[in-house]
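So the structure is just underneath, and the comments pick up after that.
The values are calculated or read from the model by the stated rules, or taken from the named source; none is laboratory data. These numbers come from a predicted model, not from an experiment. Cβ: placed from backbone, ideal geometry, glycine included. Neighbour counts: every protein chain shown. When the accessible area is computed, the model is the full protein with side chains, heavy atoms only, and any ligands, DNA or RNA have been set aside. Shrake-Rupley method; radii C 1.70, N 1.55, O 1.52, S 1.80 Å.
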Amino acid sequence: MTLGENIHKLRMAKGMTQKQLADQLFVTSQAVSRWENNEVEPNINVLNKMAEIFDVTVDAIINGPNEQPVEVKEEIKIKENVANCHDCHKAIFDGEAFKKVERFHYEGSGRSRRRVGEIVTLCEDCYQKQIAEDEAKTKKAYEDKLRSLKNRRIWAYCMGALAGIIFLLIFIFGTKNLEFNLALRIVGSIISLYGGFSLVYCLIWETYIQDVFLTIAGFGFVKFPGIIFEFSIDGFIGLIVLKIIFVILGYILAAIAIIFAIIICMVLAIFSFPFYTGKIKAKPEDINI
Ligand SMILES: [Zn+2]
């Protein structure tokens, strides 16, 4: 602050006009104006008088009233806004923690529906919230999976038991007129009951037997070649006869394949069943969120 500025400030603080100050100092108001504009400096007598009028020291007039050097305690850094949180929209500044995560959503519908990944920036709070949500989701998916496995296990036992009874009945009635001795009947009944049960159990409880069954039975569902025929009444009748023969052949082939698949798989199931009754295990990493 210059001397002129100090005089001006002190005068204004007293609520005096240039004229009022000039009158008290026995000078012209132009003189006060020139001091304040730093065109000339007042002499020491005037300064002493001015100090009395303003009720301050001469030093305060020269160096400024109540002027304390402002100590710059801290350099205020203007931090750069590096990103905004995707979830809460909070600004994230340089040096603050944030995370980049990939999020998936679906775009389009029907056949053009596809999974789209997007990298989003999250503030630390929203990131922690996201982790907690993901964990809860995984935990729930795991529990759901375990529950559905337990339900399927129960279903496999029930349907297996039903199949066992049906196989047993087929054996009893199918061999009624055959000359089987008691031992053979008992062994046959046990094999039918247990075989039917273990077969259906293994088919429902996704074991390798399911694949074996589908592969063998699949041979019975071959597609017959198309028939080229002459468009006449003879040709037409011939076509119908051929079609009927193919349909019958198809059914016979399918039935043979299914019976063959049942026999093979039943033998496999009898020995494999004990290995598929253990504790239900589902690893959390098997769960897709
Ligand atoms: Zn946030």
Are any residues in the range 14-41 within 17 Å of Asp59 (Cα to Cα) and assigned to a helix (DSSP H, G or I), and if so, which ones?
-> Trp35, Glu36
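Picking from Arg147, Arg111, Arg152, Arg115, which residue would you name as being assigned to a helix (DSSP H, G or I), loosely packed, with under 10 Cβ neighbours inside 10 Å and of a type in the set (D, E, K, R)?
Details: Arg147 fails: loosely packed, with under 10 Cβ neighbours inside 10 Å; Arg152 fails: loosely packed, with under 10 Cβ neighbours inside 10 Å; Arg115 fails: assigned to a helix (DSSP H, G or I).
Result: Arg111 is the single residue among Arg147, Arg111, Arg152, Arg115 that is assigned to a helix (DSSP H, G or I), loosely packed, with under 10 Cβ neighbours inside 10 Å and of a type in the set (D, E, K, R).
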Among residues of the range 116-149 being more than 10 Å from the ligand (Cβ to nearest atom) and polar (S, T, N, Q), the residue farthest from the chain's Cα centre (by Cα) is Ser148
Counting only residues in the range 235-254 that are exposed (fewer than 12 other Cβ atoms within 10 Å of the Cβ) and closer than 10 Å to Gly220 by Cα, the one farthest from the chain's Cα centre (by Cα) is identified as Ile252
Extreme residue, nearest to Arg103 (Cα to Cα), among residues of the range 118-144 that are acidic (Asp, Glu) and open to solvent by 80 Å² or more (accessible area, probe 1.4 Å) = Glu133
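Determine whether the range 86-96 contains at least one residue that is open to solvent by less than 60 Å² (accessible area, probe 1.4 Å) and within 16 Å of the ligand (Cβ to nearest atom). I'd like the intermediate steps shown before the answer.
Of the residues in the range 86-96, the ones open to solvent by less than 60 Å² (accessible area, probe 1.4 Å) are 91-92.
Add one more test, that the residue is within 16 Å of the ligand (Cβ to nearest atom), and what stays is 91-92.
Looking for residues that are open to solvent by less than 60 Å² (accessible area, probe 1.4 Å) and within 16 Å of the ligand (Cβ to nearest atom), one finds at least one in the range 86-96, hence yes.
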Check the range 167-177 and report whether any residue there is open to solvent by 80 Å² or more (accessible area, probe 1.4 Å), out of contact with any Lys or Arg (no Cβ under 9 Å at 6 or more places or on another chain) and at pLDDT below 90.
-> yes
